[in-house]
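Trainee: Got a structure here, written out as structure tokens. Questions coming.
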Amino acid sequence: MKAYLDNGATTRVDPRVVKVMKPFFTKHYGNPSSLHSWGRTAREAVEKARKTIADKIGAKPQEIIFTSGGTESDNLAIKGVALKKGKGHIITSKIEHHAVLNTCKSLEKKGFKVTYLPVDTEGFVKTNHLKRALRDNTILVSIMHANNEIGTIQPIKEFYKICRKNKVLFHTDAVQSFTKTSLKAASADLISLSSHKIHGPKGVGALYVKDNVRLEPVLHGGGHESGLRAGTENAPGVIGFAKAVELCREPHIKEMTKLRDYLIKEVKKIDGSRINGPLKKRLCNNLNASFEGVEGESLLLQLDAEGIAVSTGSACSSKELEPSHVLTAIGLRPEQSHGTIRATISRFTTKEEIDYFLKNLREIIKKLRSMNPL
Ligand code: PLP
């Protein structure tokens, strides 16, 4: 048996998505900017896809800018505002994805000032902290909708209200929450979306840009995507993205929530376990848990040997075991962070897979603890 529980990292592409993409590689392969029939067919499909995505969040089609994914959307939103304004102060949170954090850091090197708001023990940004951080020269607030590690869903509508009152633009990274919450365009000026988290292809995303918001493009070239994102549109990709959006339905949220709650309930029963992130206002597909006396990496590798995919609470892309900045921000000690795993389900996850995971999790934790001299 196998259990893929790393849907927060990426998801299986729905076969129905692959099916609609295929003809745009081999038959309707025209450049959407070309005037001939091949081009027109591709253009028509790209614009239909744009409308599908816009409709999902209650936006206008011209407010959707296609990008290469969540990372590029975050870059375009933040750098786009910063470079347009030229100078000023930006507010974000300590638990953002690196696509936001490192974009802000790069702007600090260019002279922009950035405030990184703290979060409480469940990962929530306090509205009072946001209000107090605002300055006369604040140009942008960027706070993610749902956290990718611990699933915290932020009250973005409240944040947006504060921003509007203070005439500051508000961006939210909704890569994890899109289609898993009732995300609406009315909740922000700029919203980052990504396709591969929702059973669409990798390397495709979108930025919602409210129609009165002006951005400086990050990529220069032709006048594609209303002049905001130069480069031939990835027609098969955006068509697949739109199909993936179409296939995400309301009942899936309920089904995933039920499975997630079962997963959390069972994990809580394990001695020395701790659930990270809130129990309410949490992504419907996310479990994040720490286990005393256990090393997350060992747990991950042993689960992998049993055909189970999860991720850890450590950002080990640098090959060094840095504790996760999110877990540190909610107050976990480094040894707790190192004993953490994240399991993220999808609409394809079954109860049998969850039970298979739980059985192995209990056994491996027992084994690892018996080997731990401490
Ligand atoms: N933002 C969040 C919250 C994410 O979880 C991710 C992906 O893990 C990204 C941005 C980056 O998205 P992409 O992989 O499409 O570049």
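Trainee: Taking Thr328 as the residue in question, decide whether it is touching a residue at least 12 places away in the same chain (Cβ under 8 Å) and buried (at least 17 other Cβ atoms within 10 Å of the Cβ).
Mentor: For Thr328, the condition - touching a residue at least 12 places away in the same chain (Cβ under 8 Å) and buried (at least 17 other Cβ atoms within 10 Å of the Cβ) - is not met.
Trainee: Further, regarding this structure: Please list, ordered by first then second residue, the pairs with beta carbon atoms under 8 Å, 6 or more apart or interchain, first in segment 246-263 and assigned to a helix (DSSP H, G or I), second of a type in the set (Lys, Arg) and open to solvent by less than 80 Å² (accessible area, probe 1.4 Å).
Mentor: Close Cβ pairs satisfying both conditions: His252/Arg347; Ile253/Lys180; Glu255/Arg347; Met256/Lys180; Met256/Arg347; Arg260/Arg282.
Trainee: Another question, then. For segment 10-26, check the following and say yes or no: at least one residue is within 16 Å of the ligand (Cβ to nearest atom) and touching a strand residue (DSSP E or B) at 6+ places or on another chain (Cβ under 6 Å).
Mentor: For segment 10-26, residues within 16 Å of the ligand (Cβ to nearest atom) and touching a strand residue (DSSP E or B) at 6+ places or on another chain (Cβ under 6 Å): absent.
Trainee: Is it the case that Val238 is among the aliphatic types (A, V, I, L, M), within 18 Å of the chain's Cα centre (by Cα) and closer than 22 Å to Asn147 by Cβ? Walk me through it before giving the result.
Mentor: Details: among the aliphatic types (A, V, I, L, M): yes; within 18 Å of the chain's Cα centre (by Cα): yes; closer than 22 Å to Asn147 by Cβ: no.
Spelling it out, it is not the case that Val238 is among the aliphatic types (A, V, I, L, M), within 18 Å of the chain's Cα centre (by Cα) and closer than 22 Å to Asn147 by Cβ.
Trainee: Considering each of Leu303, Leu283 in turn, give the residue that is within 30 Å of Arg369 (Cβ to Cβ), at pLDDT 95 or above and surrounded by 21 or more Cβ atoms within 10 Å (Cβ to Cβ).
Mentor: Result: Leu283 is the single residue among Leu303, Leu283 that is within 30 Å of Arg369 (Cβ to Cβ), at pLDDT 95 or above and surrounded by 21 or more Cβ atoms within 10 Å (Cβ to Cβ).
Trainee: Of all residues in segment 342-374 being among the hydrophobic types (A, V, I, L, M, F, W, C) and either in contact with a Lys or Arg (Cβ under 8 Å, 6 or more places away or on another chain) or under 22 Å from His199 (Cα atoms) (or both), which is surrounded by the fewest Cβ atoms within 10 Å (Cβ to Cβ)?
Mentor: Filtering segment 342-374 for residues that are among the hydrophobic types (A, V, I, L, M, F, W, C) and either in contact with a Lys or Arg (Cβ under 8 Å, 6 or more places away or on another chain) or under 22 Å from His199 (Cα atoms) (or both), the one surrounded by the fewest Cβ atoms within 10 Å (Cβ to Cβ) comes out as Phe348.
Trainee: For Thr10, are the conditions met, namely being touching a His at 6+ places or on another chain (Cβ under 6 Å), open to solvent by 10 Å² or more (accessible area, probe 1.4 Å) and outside any helix (DSSP H, G or I)?
Mentor: It is true that Thr10 is touching a His at 6+ places or on another chain (Cβ under 6 Å), open to solvent by 10 Å² or more (accessible area, probe 1.4 Å) and outside any helix (DSSP H, G or I).
Trainee: Separate question: So for segment 31-47 (the condition being open to solvent by less than 30 Å² (accessible area, probe 1.4 Å) and under 16 Å from Leu207 (Cβ atoms)), does at least one residue qualify?
Mentor: Taking every residue of segment 31-47 in turn, at least one turns out to be open to solvent by less than 30 Å² (accessible area, probe 1.4 Å) and under 16 Å from Leu207 (Cβ atoms).
Trainee: Cβ-Cβ under 7 Å, sequence separation 6+ or interchain: first residue in segment 196-221 and without any contact (Cβ under 8 Å) to a residue 12 or more places away in the chain, partner within 14 Å of the ligand (Cβ to nearest atom) and of a type in the set (A, V, I, L, M). Which pairs?
Mentor: none
Trainee: A follow-up question, please. For Leu5, which of the numbered conditions (1) open to solvent by less than 40 Å² (accessible area, probe 1.4 Å); (2) more than 16 Å from the ligand (Cβ to nearest atom) fails to hold?
Mentor: Unmet condition: (2).
Trainee: Please note which helices (runs of 4 or more DSSP H) are completely contained in segment 52-162 and include at least 2 residues that are within 11 Å of the ligand (Cβ to nearest atom), at pLDDT 95 or above and open to solvent by less than 10 Å² (accessible area, probe 1.4 Å).
Mentor: Values: elements: 70-85, 98-109, 127-133.
Filter on segment 52-162 gives 70-85, 98-109.
Trainee: Which of the following residues is hydroxyl-bearing (Ser, Thr, Tyr), open to solvent by 20 Å² or more (accessible area, probe 1.4 Å) and without any contact (Cβ under 8 Å) to a residue 40 or more places away in the chain: Ser298, Ser273?
Mentor: Ser273
Trainee: Go through segment 199-217 and give me each residue that's crowded, with 24+ Cβ neighbours inside 10 Å, within 24 Å of Arg347 (Cα to Cα) and within 13 Å of the ligand (Cβ to nearest atom).
Mentor: Listed by number, the residues that qualify are Gly200, Val204, Gly205, Ala206.
The values are calculated or read from the model by the stated rules, or taken from the named source; none is laboratory data. Only a predicted model underlies this, so the values are computations on that prediction, with no experimental measurement involved. Backbone-built Cβ (ideal geometry, glycine too); neighbour counts: all protein chains shown. In case anyone asks, the SASA skips ligands and DNA or RNA and just uses the protein heavy atoms, side chains included. Shrake-Rupley method; radii C 1.70, N 1.55, O 1.52, S 1.80 Å.
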